[in-house]
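Engineer: Let me give you the structure first, and then I'll get to my questions.
Derivation of every value follows stated rules applied to the coordinates shown; laboratory data play no part. Here the structure is a predicted model, which is why all the values come from computation and not from measurement. Please note: Cβ atoms are built from the backbone with ideal geometry, for glycine as well, and neighbour counts cover all protein chains shown.
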Amino acid sequence: MGLHVIDEAKRCLNCKKPRCMEGCPIHTPVPPMIRMFLDGQMTEAAEMVFANNPLSVICSLVCDHEKQCEGHCIKGIKGEPVHISSIENYISDTCFDKMKLEKKPWNGGRIGVVGAGPAGITIAILMACRGYRVTIFEVREKIGGILRYGIPEFRLPKSILDRYDKKMKELGIRFRPNFALGGSTGVHDLLEDGYNAVFIGTGTWRPYRLNIPGETFGNVHYGINYLNNPDVYDLGDRVVVIGAGNAAMDVARTAIRKGSRYVTVYSVTEVPAASPKEVEYARIDGVEFEFLQTASRITDDGVMICDVEWDENGQMVKHEETERFVPADSIIISISQGPQDRIVNRDKELKVDERGLLKTNEKGETTMKGIFASGDVVTGAKTVVEAVKCSKMIADAMDEYVKASFSSKKV
């Protein structure tokens, strides 16, 4: 691994106008990182990358690098791009535990973070480093959100999240597990308790339905629920996965690893929504694919599948006359998900759009004063790096908001 990374680093052309940085949503400083690595300044390189992206270790594993940094590498035009993700992972992973993060003295501010997923972790780290006392409220027992409960171990080892937990404790971040805000306690209670601002990053955990007959039968599961804890499911030999995004690839590949022998993904498009790399890995693992097809109804012994096409208005049309039976022990529906509504049901000042996503302005401010939000609960299911990008901007806005409130009190 080390030799491979060194060889890859030496392939970097150190472009004056690095396309790789332009392709990265958070503009990871790739050429400086590689130069520092080759010059023996790996710790400094890791600290620089972490300052730009607190989730650098994670993003180096789960980002769609083919569309981002590596997809824009100039060497990829006529050959293989530099494997930037491998270099970043080697640097970040090697140095993560020994990095000493600079933390400013307490500035008198207190921040509440609701949800310990990618957005929440990012906000918590950034605000703690700026001198705020931070408490994270999480409905589950450990940090990570979608990273821990929605991405399989073979793609993102849970030990990485445990290391983040330790690093966050070093920063003085408090963690309240198994705490569902929106029940007996709402965000308004946090403000009354002295939190100067609250960040909501609760993600999207409510699976979207197909709304077809048989969807409540015992042989049907939702992808986001399955990935939460695959070991409690007995899927059987034959599994049908409806949906072809990256989450569906995780579902299909996990099912194979848990013992299912025949796993087929049904996509309503000719090209799966998942990244080409994830599709290729799924094929190598043994997953079969069927295109321009979807489920029309579910039975106790399998699923009825029919052909689909797309009209000139971009609307999907089901051809019920092509309906045919596909035997299956389990059917897993993985067609994205939306937000839960516990918090907005309790705190009526928080407004949502027609999809149930929190409404925010360009600074991440919700319709409730002092409450900010980003990540999937605002945008719908997106990538980890997009959550980091938005959260960095919102950390600045929250900092500005709290400091302004301090100034107004002095006046």
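Engineer: Loop only per DSSP, at most 13 neighbouring Cβ atoms within 10 Å: give me the chymotrypsin sites (Phe, Trp or Tyr not before Pro) in the stretch 344-411, ordered by residue number.
Structural biologist: Taking the stretch 344-411 and a limit of 13 other Cβ atoms within 10 Å, no loop chymotrypsin sites (Phe, Trp or Tyr not before Pro) are found.
Engineer: Run the simple label-point estimate for residue 102 and residue 229 please: 7 Å along Cα→C-beta, distance reported in nm.
Structural biologist: Going by the 7 Å Cα→Cβ label model, 4.3 nm.
Engineer: Which entries of 103/363; 158/392; 100/169; 142/167 show an alpha-carbon separation above 19 angstrom in the structure shown?
Structural biologist: 103/363; 158/392
Engineer: In terms of the ratio Rg/(2.2 N^0.38 Å) built on C-alpha atoms, what value belongs to the stretch 229-313?
Structural biologist: 1.10
Engineer: Taking the highest mean first, how do the peptides 197-204, 224-231, 25-32 order by number of other beta carbon atoms within 10 angstrom per residue?
Structural biologist: 197-204, 25-32, 224-231
Engineer: Scale the Cα Rg of the stretch 2-95 by the rule-of-thumb value 2.2 N^0.38 Å and send over the ratio, two decimals.
Structural biologist: Cα Rg divided by the expected 2.2 N^0.38 Å: 0.95.
Engineer: So, counting K/R as plus one and D/E as minus one, what does the shell of residues with Cβ under 10 Å around residue 103 add up to?
Structural biologist: +1
Engineer: What value, in deg cm²/dmol to 500, does the helix sum -39500 (n - 2.57) over DSSP H runs of n ≥ 4 give at 222 nm once divided by the residues of the chain?
Structural biologist: So the calculated ellipticity at 222 nm is -11000 deg cm²/dmol.
Engineer: Given Cβ point charges of +1 (Lys, Arg) and -1 (Asp, Glu) and nothing else, what value in debye, to the nearest 20, does the dipole of the chain about its Cα centre take?
Structural biologist: 2020 debye
Engineer: Cα centroid distance between the stretch 181-243 and the stretch 1-57, in Å?
Structural biologist: 36 Å
Engineer: Just in the stretch 133-190: which GluC sites (Glu not before Pro) are loop by DSSP and have at most 14 other Cβ atoms within 10 Å?
Structural biologist: In loop regions of the stretch 133-190 (DSSP not H, G, I, E or B), the sparsely surrounded GluC sites (Glu not before Pro) are 141, 153.
Engineer: Can you pull out the trypsin sites (Lys or Arg not before Pro) in the stretch 45-101 whose DSSP state is coil and whose Cβ has at most 10 other Cβ atoms within 10 Å?
Structural biologist: 78, 98, 100
Engineer: Express the Stokes-Einstein translational diffusion coefficient of the stretch 135-236 in µm² s⁻¹, to the nearest whole number, given a Kirkwood radius over alpha-carbon pairs, 4 °C and a viscosity of 1.567 mPa s.
Structural biologist: 80 µm²/s
Engineer: Residues of the stretch 260-275 with amide nitrogen under 13 Å from the 7 Å Cα-to-Cβ point of residue 324?
Structural biologist: No residue qualifies, since no backbone N sits under 13 Å from the label point.
Engineer: If Rh is defined by the Kirkwood formula over all Cα pairs and Rg also comes from Cα, what ratio Rg/Rh do you get for the chain?
Structural biologist: Checking Rg against Rh, the ratio lands at 0.99.
Engineer: Moving on to the next point. Report the normalised scattering of the stretch 277-345 as log10 I(q)/I(0) at q = 0.17, 0.19, 0.26, 0.27 Å⁻¹, calculated by the Debye formula with identical scatterers on the alpha carbons.
Structural biologist: Log10 of I(q)/I(0), two decimals: -0.87, -0.97, -1.17, -1.19.
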